[in-house]
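The values are calculated or read from the model by the stated rules, or taken from the named source; none is laboratory data. Everything numeric here is computed off the predicted structure, so don't read it as measured data. All Cβ positions, glycine included, derive from the backbone under ideal geometry; neighbour counts span all protein chains shown. Keep in mind that these areas ignore ligands, DNA and RNA; they rest on the heavy atoms of the full protein, side chains included. Shrake-Rupley method; radii C 1.70, N 1.55, O 1.52, S 1.80 Å.
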Amino acid sequence: MSFSVVILAAGKGTRMKSEKPKVLHTVGNASMLHHVMEVAKRAGAEETVIVAGHQADLISESAKLKSPDARIVIQEKQLGTAHAVKQAERLLGKCGKDILILYGDVPFIKSETISRLIKARKTCDIAVLGFDTKHPGMYGRLISNGENIIGIVEAKDATQEQLNISLCNSGVILGRADLIFDLIAKIGRDNASKEFYLTDCIELATKAGFKSSLVLCDEKETTGVNSLEELARAEELFQKAKRIEFMEKGVQLNSPETVFFSFDTEIGKGTVIEQNVVIAPAVTIEENATVRAFSHLEGCRIFPNSKIGPYARIRPGSIVSEGANIGNFVEVKKSIVGSKSKINHLSYIGDAKIGEKVNVGAGTITCNYDGVSKHNTDIEDGAFIGSNTMLVAPVKVGKSSVTASGSVITKDVPDEALAFARSRQENKIGMGKKLMDFLRKQKNKS
Ligand code: UD1
Ligand code: CA
């Protein structure tokens, strides 16, 4: 069955106490809005309409970044969830399809859950996604007649008896567009919040003879975020789920609770990740690699059998090839490190192409920035870069060549050459002792 999605994202998110629109806050380094858009896409939505209001331009910009064909409608005043959905009527009222309503601040719904809703919709008019919880708090309560859902009561408007109901509303519903918009037209705002509640459409549907069925999902999926504290809890849930997902796939996490992933992290089987590792967006780590403690990775691809860290930083645009070693206090940015090459200690490698079996000595720096532009460094196969070499880019170091320790390399080094770019040492016999004696005497006088 084809369907369109409406994502509600106009709310101010007052309880977030933040300037940023609520749905642009991130979980696992992707905004909640992107999480919800992704699930809509995976579930097979034909089109996605986002209802924006508060800072709509920022929401629109972010939505288009994720999916250029996402459509945005504006809800000028946030008069409630029913009023928000109404804004999409112009685009979807006559689509003749189902609409699925998702909330921008409920980021963890799974696409399989949406599939279950779609299945349930075949035998009812509106499918409602709910969950059973020990802590119903401020969630809307689902009123059932034992068979179907006949209404939803917001916590603020509920009687004490209704508050005891543990069956809660996730906010997600699926039904025919024309039916939902017809019901919305009848919703009033005679309630504690003086808002048009979308949830009222269930009672109206029941009264008009339509059937609403409940689909249950895990409470974790429907975690809504209304405050920074809840955002932190959502992040915790996200990380826990990722850790389990990776361990089940054969990724070894020595101390799972200290490793942090992003929404798009990919890791192959047999890879070991030690303690306190942070993986920012766009990272792929292939099979059997090792990421040692206290490393930070972002926008990079790590090939099999390579070793990263401890204390390494791999920045966007980097590729670490098979069997390469990146050691402690090494920063790699927008560089390719060839297979079996080693950069073991205290180095900065930026805008560089490093061939195979290259040894980069401790303290080597690619001086890639002249204050205006970035320049490339090319180090070819088998080169040996002596410790504390400054490679002033643009520069090329040829195959199997050597740079002497402490060199400042400003000219290309031919293949197999030894580049020696530092002043020669002079030993003045006896002068060391003389100097110290003189300095001590001076100090004693004063
Ligand atoms: C809503 C549900 C509640 C459910 C809970 C699940 C209603 C009336 N209540 O309550 O039953 O248990 O979600 O998390 O629907 N929004 C707009 N425009 C508005 C108002 C809200 O776009 O005028 C958006 C918000 O940005 C948010 C979503 O709709 O993304 C939900 O609104 P929110 O105010 O957070 O509803 P809850 O009180 O959480
Ligand atoms: Ca909410």
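Given Lys249/Lys334; Lys122/Lys186; Lys220/Lys240; Lys156/Lys194; Lys20/Lys110, which pairs have Cα atoms separated by over 18 Å?
Where the Cα-Cα span goes over 18 Å, the pairs concerned are Lys249/Lys334; Lys122/Lys186; Lys20/Lys110.
Tally the DSSP beta bridges in the stretch 3-218 and give the antiparallel ones as a percent, rounded to 5.
Once the DSSP bridges in the stretch 3-218 are tallied, antiparallel ones form about 45 percent.
Sequence gap at least 6, Cα distance under 8 Å: using those rules, report the relative contact order of the chain to the nearest whole percent.
8 percent
Let me know the Rg and Dmax you get for the chain when you use only its Cα atoms, in Å.
30.3, 106
Extension gain Glu147-Arg15, at 0.36 nm per residue separation less the Cα-Cα distance, in nm?
43.9 nm
Restricting the count to DSSP beta bridges whose residues both fall in the chain, what percent are antiparallel, rounded to a multiple of 5?
20 percent
When each pair of different Cα atoms in the stretch 220-312 is counted once in the 1/r mean, what is the Kirkwood radius in angstroms, to one decimal?
13.5 Å
Can you give the extra length, in nm with one decimal, that the chain gains between Lys122 and Ala421 once fully stretched, where that is 0.36 nm per residue apart less the Cα-Cα distance?
99.9 nm
Do any trypsin sites (Lys or Arg not before Pro) in the stretch 182-241 lie in a loop, going by DSSP, with at most 12 other beta-carbon atoms within 10 Å of their beta carbon, and if so which?
Lys194
Note down the accessible area of Cys367, probe 1.4 Å, to the nearest 10 Å².
Rounded to the nearest 10, that gives 40 Å².
Near the amide H of Val397, under 5 Å away, which other amide H atoms are found, from residues 5 or more places off or on another chain, if H is placed in the peptide plane?
Sorted by chain and number, the residues that satisfy this are Asp378, Ile379, Glu380, Val413.
From the phi of every residue in the stretch 97-103, what ³J(HN,Hα) in whole Hz does the Karplus formula 6.51 cos²θ - 1.76 cosθ + 1.60 yield, where θ is phi - 60° and glycine or proline is x?
Listing the rounded values in order: 10, 7, 10, 10, 9, 10, 9 Hz.
Could you rank Ile365, Ile202, Ile143 by how accessible they are, 1.4 Å probe, largest area first?
Of Ile365, Ile202, Ile143, the descending order of accessible area is Ile365, Ile143, Ile202.
Using each residue's phi in the stretch 273-281, evaluate 6.51 cos²θ - 1.76 cosθ + 1.60 at θ = phi - 60° and report the 3J(HN,Hα) Karplus result to the nearest Hz, with x for Gly and Pro.
Per-residue couplings from phi come out as 10, 7, 6, 6, 10, 10, 10, 7, x Hz.
In the stretch 263-336, which trypsin sites (Lys or Arg not before Pro) fall in coil by DSSP and have 14 or fewer other Cβ atoms within 10 Å?
Filter output for the stretch 263-336: Lys269.
Determine the relative contact order of the stretch 228-419: mean sequence separation of Cα pairs under 8 Å and six or more apart, normalised by residue count, in whole percent.
Contact order relative to length: 9 percent.
With a 1.4 Å probe and all protein chains left in place, how much of the accessible area of the stretch 228-419 comes from carbon and sulfur atoms, in whole percent?
The value for the stretch 228-419 is 52 percent carbon and sulfur by accessible area.
Compute the FRET efficiency between Ser2 and His135 as 1/(1 + (r/R0)^6), taking r as their Cβ-Cβ distance and R0 = 25 Å, and round to the nearest 0.05.
0.10
How high is the FRET efficiency from Asp69 to Gln162, r the C-beta distance, R0 51 Å, rounded to 0.05?
Efficiency, rounded to the nearest 0.05: 0.75.
Whole-Hz ³J(HN,Hα) for each residue in the stretch 39-50, computed from phi via Karplus 6.51 cos²θ - 1.76 cosθ + 1.60 with θ = phi - 60°, x for glycine and proline: what do you get?
5, 4, 5, 4, 6, x, 4, 6, 9, 10, 10, 10
With a 1.4 Å probe and all protein chains kept in place, how do Glu38, Glu19, Glu322 rank by accessible area, largest first?
Glu19, Glu322, Glu38
Ser115 versus Gln442, label points 7 Å from Cα toward the beta carbon: distance in nm?
That separation, rounded to one decimal, is 8.1 nm.
What's the long-distance tail for the stretch 3-218, i.e. % of Cα pairs beyond 29 Å?
Tail fraction, whole percent: 19.
May I ask you to give the solvent-accessible area per residue for the chain, in square angstrom, as obtained with a 1.4 angstrom probe?
50 Å²
Test of understanding: in a Gaussian network model of the chain with alpha carbons linked when under 10 Å, which of Asp351, Asp190, Asp178 would top the mean-square fluctuation ranking?
Asp190
Given a Förster distance of 35 Å, report the FRET efficiency between Lys249 and Ser193 from their Cβ-Cβ distance, rounded to the nearest 0.05.
Working from the Cβ atoms, E equals 0.20.
Count neighbours as other Cβ atoms within 10 Å of each site's Cβ, and list the trypsin sites (Lys or Arg not before Pro) in the stretch 119-171 that are DSSP loop with at most 14 such neighbours.
Taking the stretch 119-171 and a limit of 14 other Cβ atoms within 10 Å, the loop trypsin sites (Lys or Arg not before Pro) found are Lys122, Lys134.
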